[in-house]
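The values are calculated or read from the model by the stated rules, or taken from the named source; none is laboratory data. Note that the structure is a prediction, hence the values are computed from the model and not measured. With ideal geometry, Cβ positions are generated from the backbone for all residues, glycine too; neighbour counts draw on all protein chains shown.
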Amino acid sequence: METMEAECYEAGFPLSNQFRSTGGLYDDHAFALGFFAAINVVSDDVEIDLNGFKLQQAAEHRLQQKFFSLIELGNMPFVPREGPLPFGDKFQSVSNIVIKNGVLGNNAHHGIHGNFPTNVTVDNVDIFGYEIAGIALNGASCVTIKNVRLLGTATDVPVLASYLGSRLISKYVDYLVDNGYSDTLSFGETVLNAQEVQNALRAAITEAFHDVVHDDEYLDSINPEHEEAFAVLHNKKRLADGSSYGILLNKAGTSVFEFPEVSEDNAEGVYLINVEVRDHFAGLNEIVHTTYMGEPVSDPNGVAFQILNKHPYSGEYVTISSDDWSTATYVGNFLANAQALVGKAVLSGFFDGTPLETSKTKFNMQPEVISWIENGGTVAEYIELFPLMCSSDAQAHVPKGAIGIKLDGSAQITAKGVKIHNVRNFADLGVLDCGYTTEETMHPQAFFPGYVANSARGMSISGSVHVKVEDLVIDGVTSDTGSAYGLDIMRDSRNILVMNAFVDYVLGAPSLSEEDFQGPNHVGEAVGFNINNQASSITLKQISCGEHLQAAGEVEHLRDNSLQI
């Protein structure tokens with residue numbers, strides 16, 4: 001069992017003698033979370049000819065390493081000052097890259113990902129089994145994607161983002177144990193030292209790994225020894241629990257915030273020719289965050305400290321004692337306990353001077369959090385100190401739902417011969433805990449009011465200029481509980497030409513009725529072509545919709561609210 005625990009708990013990271021600081025090949029910062037790509041392109045003028053073969057991530061590594069791309073363009077997965085950790089001070093972009101003739105299969109994040117790449121061609125490639133995006137390029141220029149098929153998101157994702165949070169916090173817990181941290185975390189009759197917290201964290205990671213990799217590819221709800229791991233980690237929908245995209249083209253920087261406006265950092269020169277996206281799904285797991293100064297209470301990795309998470313089937317709280325917030329107190333679990341003990345150590349200065357990240361850009365846990373846990377305070381008292389924030393995922397991103405092709409923050413785009421079939425968002429209705437309405441925003445960086453994480457779009461164009469879309473077919477866009485749009489032109493996009501486009505089977509919450517929508521939940525609508533009221537210079541020629549648009553609320557073939565300039 002000890003060998004199994006080491007395999008599960010430590011797998012996915014380079015060995016200590018493989019890091020550059022000890023004479024190895026791998027940069028200590030860039031690979032701090034483990035191997036982030038199967039092929040990491042760090043030089044110019046590279047041609048990757050898959051020659052008909054398939055490249056995919058093994059099940060074991062896919063579980064252990066979530067920040068992963070099959071092909072990464074650049075020397076690290078995030079540019080400096082972005083991502084859960086500092087991955088380095090100098091980003092090295094690449095140019096003149098060709099990827100062709102093969103298949104990119106199962107992966108935990110992206111098929112192809114890159115920041116600031118130039119002159120990139122992806123030709124004759126099929127991509128499937130991606131959890132977040134098939135192709136995601138930020139700040140790219142001169143990109144050609146042709147004869148490419150995105151054949152579906154992964155539908156066998158066994159764990160929630162909490163598993164990643166458990167893996168990330170483990171390095172901090174290990175440091176506490178290895179360096180003799182003597183303080184404890186106490187609540188009720190329970191007193192936990194660092195070794196006990198590590199044991200529980202290690203056991204949960206091991207149980208999840210065993211169930212997923214060596215057993216039936218899902219967490220075992222029957223085995224009572226795995227009950228806590230199941231309650232905290234099990235992914236009921238089996239889909240990535242955040243936003244997802246077939247193809248994502250974005251301005252410089254990550255795409256975790258709101259749909260962008262036009263920027264000086266737009267991607268530029270993009271060609272999509274003969275591209276197909278099908279069976280693209282999302283199933284956001286909404287997290288009710290508690291906040292301090294408007295930002296989620298979080299551990300040093302920026303992972304939310306959750307107290308209101310629930311069992312995937314019973315719906316009972318797994319971190320607090322009951323659903324009566326006036327009397328409920330902290331009872332903890334392996335992840336929350338690890339985050340709290342590490343937070344207590346950070347606040348005491350125990351990590352000062354160590355390589356482990358504890359900056360306030362990620363760590364947002366106040367001494368009052370620890371006092372509340374250890375003094376047996378009620379949830380109602382806690383929320384008075386740390387107000388709730390809904391409408392977000394586990395990492396407090398602004399959720400955007402399921403999108404087949406997202407052409408955002410880009411300029412000079414040509415898309416010809418694009419087919420999009422069966423985009424679907426399985427997300428539930430937004431929770432009512434935060435008391436906001438469809439007229440109010442909840443996330444501090446949100447632009448659209450109300451709960452919109454359950455939306456679905458065939459293609460979105462936001463903050464983009466000089467875009468030509470020709471010979472477009474969108475056949476099947478569904479939101480189970482929200483609104484669905486065929487082609488959605490948003491924010492201040494301008495100089496957009498759409499020619500010969502057909503949209504059908506757009507379904508906005510077709511199984512619900514208007515009385516099902518309460519609090520922040522917009523009545524689901526279905527719109528074939530939607531143009532936002534900030535967009536301008538939009539030209540539509542030879543566009544049409546079929547007869548299969550259906551919604552709980554409004555149904556429109558064309559909604560044109562663009563500025564008339």
### Summary
In segment 263-292, anything among the aliphatic types (A, V, I, L, M) and within 23 Å of the chain's Cα centre (by Cα) is listed as Ala267, Val277, Ala282, Leu284, Ile287, Val288
### Selected residue (criterion: surrounded by the fewest Cβ atoms within 10 Å (Cβ to Cβ)) from residues of segment 499-542 that are free of Cβ contacts under 8 Å to residues at least 60 places away in the same chain, assigned to a strand (DSSP E or B) and touching a Phe, Trp or Tyr at 6+ places or on another chain (Cβ under 6 Å)
Asn530
### Message
If I go through segment 105-157 residue by residue, how many of them are in a strand (DSSP E or B) and closer than 22 Å to Ala411 by Cα?
### Response
24
### Task
Inspect segment 280-300 for any residue being touching a strand residue (DSSP E or B) at 6+ places or on another chain (Cβ under 6 Å) and more than 27 Å from Phe447 (Cα to Cα) and give the result as yes or no.
no
### Task
Being touching a Gly at 6+ places or on another chain (Cβ under 8 Å) and part of a loop (DSSP other than H, G, I, E, B) is the filter; apply it to segment 239-252 and report the residue that is modelled with the lowest pLDDT.
Ala252
### Query
Only one of (1) of a type in the set (A, V, I, L, M); (2) surrounded by fewer than 18 Cβ atoms within 10 Å (Cβ to Cβ); (3) assigned to a loop (DSSP other than H, G, I, E, B) is not met by Ile273, so which one is it?
(3)
## Note on the structure
Among the residues of segment 446-478, the number that are at positive phi and surrounded by fewer than 22 Cβ atoms within 10 Å (Cβ to Cβ) is 3
### Message
Given the criteria under 17 Å from the mean Cα position of the chain (by Cα) and either surrounded by fewer than 23 Cβ atoms within 10 Å (Cβ to Cβ) or among the basic types (Lys, Arg) (or both), does Thr155 qualify?
### Response
yes
### Query
In the list Gly315, Gly332, which residue meets the criterion of being closer than 23 Å to Leu233 by Cα, at pLDDT below 95 and within 26 Å of the chain's Cα centre (by Cα)?
Gly315
### Query
Among (1) closer than 25 Å to Tyr163 by Cα; (2) among the hydrophobic types (A, V, I, L, M, F, W, C); (3) at pLDDT 80 or above; (4) out of contact with any Pro (no Cβ under 6 Å at 6 or more places or on another chain), where does Ala11 come up short?
(3)
### Task
Test Ser43 against the criterion of being at negative phi and without any contact (Cβ under 8 Å) to a residue 24 or more places away in the chain, and give yes or no.
no
### Condition broken by Ala338, with the remaining ones in (1) under 25 Å from Tyr436 (Cα atoms); (2) not in a strand (DSSP E or B) satisfied
(1)
### Summary
Looking across segment 253-268 at residues that are aliphatic (A, V, I, L, M) and at pLDDT 75 or above, the single one that is nearest to Thr118 (Cα to Cα) is Ala267
## Note on the structure
Scanning segment 39-68 for residues that are hydrophobic (A, V, I, L, M, F, W, C), part of a loop (DSSP other than H, G, I, E, B) and either more than 23 Å from the chain's Cα centre (by Cα) or loosely packed, with under 15 Cβ neighbours inside 10 Å (or both) gives Val42, Leu50, Phe53, Ala58
### Message
Considering only segment 480-494, I want to know if a residue exists there that is surrounded by fewer than 24 Cβ atoms within 10 Å (Cβ to Cβ), out of contact with any Lys or Arg (no Cβ under 8 Å at 6 or more places or on another chain) and in a strand (DSSP E or B).
### Response
yes
